[in-house]
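The values are calculated or read from the model by the stated rules, or taken from the named source; none is laboratory data. This structure is a prediction, so every number in the text was calculated from the model and none was measured. Don't worry about glycine lacking a Cβ; one is built from the backbone with ideal geometry, like all the others, and counts go over all protein chains shown. All accessible areas refer to the heavy atoms of the entire protein, side chains included, with ligands and DNA or RNA removed. Shrake-Rupley method; radii C 1.70, N 1.55, O 1.52, S 1.80 Å.
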Amino acid sequence: MSSTPPTTMPPASTAPAAVAVPATAAATTTTTTTTATTPSGAGPAVTAPERVPVERSKGINGLDKIVLREVRGSSAEVYLYGGHVTSWKNDHGEELLFLSSKAIFKPPKAIRGGIPICFPQFSNLGSLEQHGFARNRFWTIDTDPPPFPTGTPPKAFVDLILKPTDEDLKIWSHSFEFRLRISLSPAGDLMLTSRIRNTNSDGKPFTFTFAYHTYFSVSDISEVRVEGLETLDYLDNLQNKERFTEQGDAITFESEVDKIYLGTPTKIAILDHEKKRTFVLRKDGLPDAEFVFL
């Protein structure tokens, strides 16, 4: 049984999605909104310009990257290769994402850690390579992005676009436009919003699976617990995707874990007792969440 039923994308439709979901979540609906927040001093409201400037520079191995900065000190780093968030720091300069020391910033190898984008296939649920090809492609910057809704606080953000190449169409014969907005609020909250549009000229719908494969930076795993998934059913990938029901008051980690929780709530919390830090994950439209500790 698949934990990530594919989304059917009719022609000329849009599937918004947004981020920072635990470990992995696969999109099975066409509407999502997600944010991840960490505790930091609330402080007074900060006046900021309408469009917070962003920085474009060269990263590792000369790859182009964007750095978002907020006035209180938080930041996020995004590589155009993969549309990949590789760093997210709070206003104390503490790194909130895990990036492997063995990460290779050299195409066509995917970057290991941060927030990889899994599209148009999550995991091995299809005929493509593991997690699809979006994380192995160069995205472009949208120079004329749509504005945020009126009345929302100014945010540092960048909009990226991915379209299939001729080579992509040979292995996955569907035309699409993937728009990814990465934004950072004045309080340091990170949000990723995805909109996937079917651009098939023949009007043919297509299906896909999707995930934000987020790697959070935590302390000793024995000091970490996840709240919000109590009593839910899950598929255990270490037991051939056999289905069970969560019995604990919270998820803790004492041995290898690879579970896909089904029908998860819009809010999930990851508590790191050693670092005295809590990640609050808010999402809409990404019903499944996979937690992995291997």
Hz values of 3J(HN,Hα) by residue in the stretch 181-187 - Karplus curve (6.51, -1.76, 1.60), Gly and Pro given as x: 9, 10, 10, 10, 7, x, 7
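Report the extension gain between Thr199 and Glu274 in nm, rounded to one decimal, defined as 0.36 nm multiplied by the number of residues separating them, less their alpha carbon distance.
Extending this stretch completely gives an extra 22.2 nm.
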Nonlocal amide H pairs with Asp233, under 5 Å, H built at 1.01 Å: Glu246, Leu262
Can you find, among Ala250, Asn240, Leu286, the residue farthest towards the positive end of the dipole of the stretch 219-293? Put +1 on the C-beta of Lys and Arg, -1 on that of Asp and Glu. Leu286
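Need the full-extension length gain, Thr266 to Thr150, defined as separation in residues times 0.36 nm minus the C-alpha distance. One decimal, nm.
Values: separation 116, 0.36 × 116 = 41.76 nm, distance 2.40 nm.
Full extension from Thr266 to Thr150 adds 39.4 nm.
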Excluding ligands, DNA and RNA, the carbon-plus-sulfur percentage of the accessible area of the stretch 60-117 with a 1.4 Å probe reads 51
Which value, in Å³ per residue, describes the convex hull spanned by the Cα atoms of the stretch 134-250? 223
Fully extended contour minus Cα-Cα distance, from Gln130 to Glu55, at 0.36 nm per residue: 23.8 nm
Residue-wise HN-Hα coupling along the stretch 270-282, computed from phi with Karplus coefficients 6.51, -1.76, 1.60 (Hz; x: Gly, Pro): 10, 9, 10, 5, 5, 8, 6, 9, 10, 8, 10, 9, 10
Determine, at each q value in 0.17, 0.22, 0.23 (inverse angstroms), the log₁₀ of I(q)/I(0) that the Debye formula gives when each Cα of the stretch 219-293 is one equal point scatterer. -0.64, -1.05, -1.13
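Could you tell me the calculated FRET efficiency between Glu242 and Glu177, based on Cβ-Cβ distance and R0 = 45 angstrom, to the nearest 0.05?
Efficiency for this residue pair is about 0.75.
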The stretch 102-223 - accessible surface per residue (Å², probe 1.4 Å): 45
Dipole moment magnitude, nearest 20 debye, the stretch 219-293 about Cα centre, only Lys, Arg, Asp, Glu C-beta charged: 380
Distant-in-sequence amide H partners of Lys275 (H built 1.01 Å from N, under 5 Å): Ser219
Counting only protein heavy atoms and a 1.4 Å probe, tell me what percentage of the stretch 219-293's accessible area is made up of carbon and sulfur. 43
In Å, the C-alpha Rg and Dmax of the stretch 62-192 are 15.6, 46
When the accessible area of the stretch 167-216 is split by element with a 1.4 Å probe, what percent falls to carbon and sulfur? 49
Along Cα→Cβ, 7 Å out, is where each label goes; now give me the distance between the ones at Thr231 and Glu94 in nm to one decimal. 3.3
Per Stokes-Einstein, at 4 °C and 1.567 mPa s, what whole-number D in µm² s⁻¹ belongs to the stretch 78-117, with the Kirkwood radius over Cα pairs as the hydrodynamic radius? 122
